[in-house]
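*Asks:* My structure is below; once you've seen it, I'll send some questions.
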Amino acid sequence: MKYYFAPMEGLTDSIFRQVHHKYFPGVDTYYMPFFSPTVHRRLTPREERELPAADGVPFRAVPQVLTRDSDSFLWAAQVCLDRGYDEVNLNCGCPSGTVVAKGKGSGMLGNPETLDRFLGEVFEKTPIAISVKTRLGLEAPEEFYALLEVFNRYPIRELTIHPRVRRQFYSGSADGEMFQWAWENSANPLCFNGDISSPSQAAKLQEAFPGLQSVMIGRGLIADPGMLCGGTDIRLLESYMAELMEAYAAAFGSSRNAMFRLKEHWGLLQSRFPGGEKLFKRLRKSTELGEYNSICSEIFHTLEFK
Ligand SMILES: Cc1cc2nc3c(=O)[nH]c(=O)nc-3n(C[C@H](O)[C@H](O)[C@H](O)COP(=O)(O)O)c2cc1C
């Protein structure tokens, strides 16, 4: 079974991927947070940095594109190919209001005919393999019956299903029954994504779906970055967080901005430190770097880690 790191805007950028891979190898592929091609047909300096040449990093990564325009997708696919990538991922899952309002991300799921036309156009001309990351629909899981029929018409390298609908964002539970239905009816290989927080959960999935070739993990791997290499050692976690801080501070030219970035990680790491509510509340509120550092040190050296 292959293990993928889910794309997470604001968390799993190029700096993160480098540091994570250095401390905690074991991820087979990092899916990158999306970029949105524009009519200008130019990457912004930030997008340039976020899309390093594929052979410049010591792990496999796959870029993700968010667009509803087939020409823009094909342009982005060529950019990815030129940088040495062998696959590009289409985002059909982003639930954000502004994205969906423009018919992008999970907004692409609202109209199966439009999705079909888009896929027809991109598969006809794509210079590179296409994988898709999708939800079950916008409002109701039953929307997926018609959507899978559309996906089945195209040679999608891998269809990653996050079995929630857009309305749920990340709340409620993932719909295992609908994934089961998709498993029985998909013409393309499937990858499961959603709420995996331990290797034993991944193993259960493999039992339930023999032959499942991959799972994608997001929040679980932020909370337990060493999950795929035998577990997260607390001292290693401390060094990893320190190195992330240093790398972000250098990239942003500001330790304070680096601190805000790392607070996103702490939000998900908190579950590993039972009884740490007060310290974590102070951490969330802190805006001073010195205070932040001393709270982090207190977390690492006084709290139980599970
Ligand atoms: C902060 C955040 C940012 C995300 N950014 C992206 C993204 O750029 N592209 C994408 O396809 N999914 C994105 N997702 C969704 C995740 O890839 C994943 O589908 C979701 O977190 C469920 O998986 P998990 O339960 O393993 O975390 C994001 C999720 C979160 C919480």
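The values are calculated or read from the model by the stated rules, or taken from the named source; none is laboratory data. As the structure is a computational prediction, the values presented were derived from the model and not from experiment. Don't worry about glycine lacking a Cβ; one is built from the backbone with ideal geometry, like all the others, and counts go over all protein chains shown. Side chains included, ligands, DNA and RNA excluded: accessible areas come from the protein's heavy atoms. Shrake-Rupley method; radii C 1.70, N 1.55, O 1.52, S 1.80 Å.
*Asks:* Which of the numbered conditions does ALA174 fail, given that it passes all the others? Conditions: (1) farther than 21 Å from THR12 by Cα; (2) more than 13 Å from the ligand (Cβ to nearest atom).
*Replies:* (2)
*Asks:* Any idea which of (1) surrounded by fewer than 21 Cβ atoms within 10 Å (Cβ to Cβ); (2) among the small types (Gly, Ala, Ser); (3) closer than 11 Å to PRO37 by Cβ is the one ALA76 doesn't satisfy?
*Replies:* (1)
*Asks:* I'd like the residue in the stretch 199-216 that is of a type in the set (A, V, I, L, M, F, W, C) and exposed (fewer than 14 other Cβ atoms within 10 Å of the Cβ) and, out of all such residues, is nearest to THR12 (Cα to Cα).
*Replies:* Per the criteria, the residue is ALA203.
*Asks:* Now for a different question. When the residues of the stretch 217-262 are filtered to those that are touching a Pro at 6+ places or on another chain (Cβ under 8 Å) and hydroxyl-bearing (Ser, Thr, Tyr), which remaining residue is least open to solvent (accessible area, probe 1.4 Å)?
*Replies:* Checked the stretch 217-262; the qualifying residue least open to solvent (accessible area, probe 1.4 Å) is TYR240.
*Asks:* Restricting to the stretch 58-93, give me the number of residues that are of a type outside the set (Ser, Thr, Tyr), away from the ligand (no atom under 16 Å from the Cβ) and closer than 21 Å to ARG117 by Cα.
*Replies:* 6
*Asks:* What single numbered condition from (1) out of contact with any Pro (no Cβ under 8 Å at 6 or more places or on another chain); (2) surrounded by 17 or more Cβ atoms within 10 Å (Cβ to Cβ) fails to hold for THR98?
*Replies:* (2)
*Asks:* Give the number of residues within the stretch 185-198 that are surrounded by fewer than 18 Cβ atoms within 10 Å (Cβ to Cβ) and either of a type in the set (Phe, Trp, Tyr) or more than 18 Å from LYS133 (Cα to Cα) (or both).
*Replies:* 2
*Asks:* Here's another thing I want to ask about it. Being among the aliphatic types (A, V, I, L, M) and open to solvent by 50 Å² or more (accessible area, probe 1.4 Å) narrows it down to one of LEU81, LEU90, so name that one.
*Replies:* The conditions single out LEU81.
*Asks:* Say we look at the stretch 264-283 and pick out the residues that are touching a helix residue (DSSP H, G or I) at 6+ places or on another chain (Cβ under 7 Å) and not hydrophobic (A, V, I, L, M, F, W, C); which of these is farthest from ARG235 (Cα to Cα)?
*Replies:* Step one: filter the stretch 264-283 for residues touching a helix residue (DSSP H, G or I) at 6+ places or on another chain (Cβ under 7 Å), giving 265-266, 268-273, 276, 279-280, 282-283.
Restricting the remaining residues to those that are not hydrophobic (A, V, I, L, M, F, W, C) gives 265, 270-272, 276, 282.
On the way: HIS265: 16, GLN270: 16, SER271: 17, ARG272: 14, GLY276: 18, ARG282: 22 Å.
Out of the qualifying residues, it is ARG282.
*Asks:* All but one of (1) out of contact with any Asp or Glu (no Cβ under 9 Å at 6 or more places or on another chain); (2) more than 16 Å from the ligand (Cβ to nearest atom) hold for ARG153; state the number of the condition that does not hold.
*Replies:* (1)
Yes/no per residue for (1) crowded, with 21+ Cβ neighbours inside 10 Å; (2) modelled with pLDDT of 95 or more:
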site: PHE24; (1), (2): yes, yes
site: VAL27; (1), (2): yes, yes
site: VAL39; (1), (2): no, no
site: LEU43; (1), (2): no, yes
site: GLU48; (1), (2): no, yes
site: PRO52; (1), (2): no, yes
site: PRO58; (1), (2): no, yes
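*Asks:* Which numbered condition trips up PHE169, out of (1) open to solvent by 10 Å² or more (accessible area, probe 1.4 Å); (2) within 16 Å of the ligand (Cβ to nearest atom); (3) touching a Leu at 6+ places or on another chain (Cβ under 9 Å); (4) within 28 Å of PHE16 (Cα to Cα)?
*Replies:* Condition (3) is where PHE169 drops out.
*Asks:* For the stretch 121-130, indicate whether the set of residues that are within 16 Å of the ligand (Cβ to nearest atom), crowded, with 18+ Cβ neighbours inside 10 Å and at pLDDT 95 or above is non-empty.
*Replies:* Yes - at least one qualifying residue is present in the stretch 121-130.
*Asks:* Another question, if that's okay. Quick one: how many residues across the stretch 67-91 are under 19 Å from the mean Cα position of the chain (by Cα) and of a type in the set (Ser, Thr, Tyr)?
*Replies:* So the answer is 2.
*Asks:* Taking only the stretch 288-302 into account, find how many residues are under 29 Å from the mean Cα position of the chain (by Cα) and touching a residue at least 12 places away in the same chain (Cβ under 8 Å). Working first, answer last.
*Replies:* Let us first name the residues in the stretch 288-302 that are under 29 Å from the mean Cα position of the chain (by Cα), namely 289, 292-293, 295-297, 299-300.
Of the ones still in play, those that are also touching a residue at least 12 places away in the same chain (Cβ under 8 Å) are 289, 292, 295-296, 299-300.
Count: 6.
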